[in-house]
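Input: a single structure, listed below in structure tokens.
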Amino acid sequence: MNEIPDSMFPFGWPWATMLYLVLYTLTWAIHRLLMAYVVAGSFWILAERILHRNGGHLSPTGLRIKEWSPFFLGLTITAGVAPVLFVQILYQKSFYSANLLMFHRWMSMLPVLIVAFYLLYIQKTRWLAARPSVALLTAAGISLSFVFIAWTWTENHLLSVNPKAWVEMYASGHWYYRATETAPRLAFWLVSTAPALCWFLLWQQTLDRADVRSDELDPRQRTVALASIVGANVFLLVTAFVMTPEARAPLVRWSVAPWWTAYAVAQLGAAHFWWHSTKVTSRLVALIGGFLALDAVSVAALRETLRIGRSDFTAVLPRHAEASQVGGLIAFLVFLALNTGLILYCVRLVRRVITQPRASAENASTEGAPQGHP
């Protein structure tokens, strides 16, 4: 096991290593929140397709998810570039070794992702809406694509932190790595996406105040968010239980207590406001969003603490110092700001397109009405 400094993550390492750990943790947390929309959203639409397969009609929430999913998948892919780059710097040997050992399986994620992207756009067509059976198959294909990608990432991660399995994996020629942690770990990541989806739906409601019901909190969103918080923590406990004591050791040190505390506060805080709220307000969106951000960062910190303890991390510390001298940080920050600005501008354009037709319709409906009788 790797020797971890007796200090809170990411402190105790050389400054270059700390810099990359912070950048990786933050960018990965952003990617995870955006990814949650398309993953949990695909399951939401699939559930509605199954429950209403005779008529094939989606609820207003399902329609909103369907319209926004391609945009959020684009955001997810864009936000995923930075953590992929940082993880290569931080865990060079282990990350590359797992990729090579799972080569064909690893590379198959790209075509699967492309297919999912096209299916999200096909899902928005009127042609598909008029064919419930095809719509159900499309929704199932999207969900299965995301499950396959998540499964592949999970196995790749577990293989990367178990060098003892590399020789056997290479000799067997298998594309799959079987571990007792895979199923509960994958279940945790999939189930934990639902609260972020429900929060994004709250935010989207605040963009649509023309609807007289837009201030009402959908009870289904509350139920899904609370159930997923409970379910994710159950799978987290199962994952910790099936791990060996040696692998689990980095997470039971006193220096990790602040991150466990932050995680608990985030979970309890989000659950409290989901449970007690009935109206969608800007304050509610801000509070739950803050707790979700804290949850994403704390989970990322705990995840990396565990990975550092299970990999030969100290061997790549000199590489971190070398990489920090290349001088690409300024370019990264510039393009991060540029891309963020462009994404926010796209959201503003979409909001304008959504609100203008409704405002025009309302104005047209009031033309010719007697004074004082709108």
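Residues A262, A249, A179: which one is more than 30 Å from E67 (Cβ to Cβ), part of a helix (DSSP H, G or I), modelled with pLDDT under 95 and of a type outside the set (S, T, N, Q)?
After ruling out the rest, the residue left standing is A249.
Could you grab the pairs with beta carbons closer than 7 Å, sequence gap of 6+ or different chains, first residue in the range 25-40 and closer than 14 Å to A300 by Cα and among the small types (G, A, S), second one at pLDDT 95 or above and assigned to a helix (DSSP H, G or I)?
Every condition considered, the pairs that remain are A29/A296; A29/V297; A29/A300.
Which members of the range 267-301 meet the condition of being modelled with pLDDT of 95 or more and β-branched (V, I, T)?
I288, V297, V299
Considering each residue of the range 301-327, count those that are over 14 Å from P250 (Cα atoms) and of a type in the set (S, T, Y), and give that number.
2
Taking the range 301-317 on its own, how many of its residues are farther than 17 Å from F11 by Cα and in a helix (DSSP H, G or I)?
So the answer is 2.
Where in the range 92-162 are the helices (runs of 4 or more DSSP H), entirely inside, with at least 1 residues that are closer than 20 Å to M35 by Cβ and not acidic (D, E)?
92-101, 103-107, 109-122, 132-160
Suppose the filter is surrounded by fewer than 22 Cβ atoms within 10 Å (Cβ to Cβ), part of a helix (DSSP H, G or I) and of a type in the set (V, I, T); does I50 pass it?
yes
If I filter the range 194-203 for residues that are without any contact (Cβ under 8 Å) to a residue 24 or more places away in the chain and not polar (S, T, N, Q), do I get at least one hit?
Looking for residues that are without any contact (Cβ under 8 Å) to a residue 24 or more places away in the chain and not polar (S, T, N, Q), one finds none in the range 194-203, hence no.
Any idea which of W151, W189, W199, W175 is surrounded by 14 or more Cβ atoms within 10 Å (Cβ to Cβ) and more than 26 Å from L237 (Cβ to Cβ)?
W175
For residues that are among the polar types (S, T, N, Q) and within 13 Å of L302 (Cα to Cα), scanning just the range 245-274, find the one that is surrounded by the most Cβ atoms within 10 Å (Cβ to Cβ).
S255
The values are calculated or read from the model by the stated rules, or taken from the named source; none is laboratory data. Just so it is clear, the structure is predicted and the values come from calculations on it, not from any experiment. Positions of Cβ are backbone-derived with ideal geometry, glycine not excepted, and every protein chain shown enters the neighbour counts.
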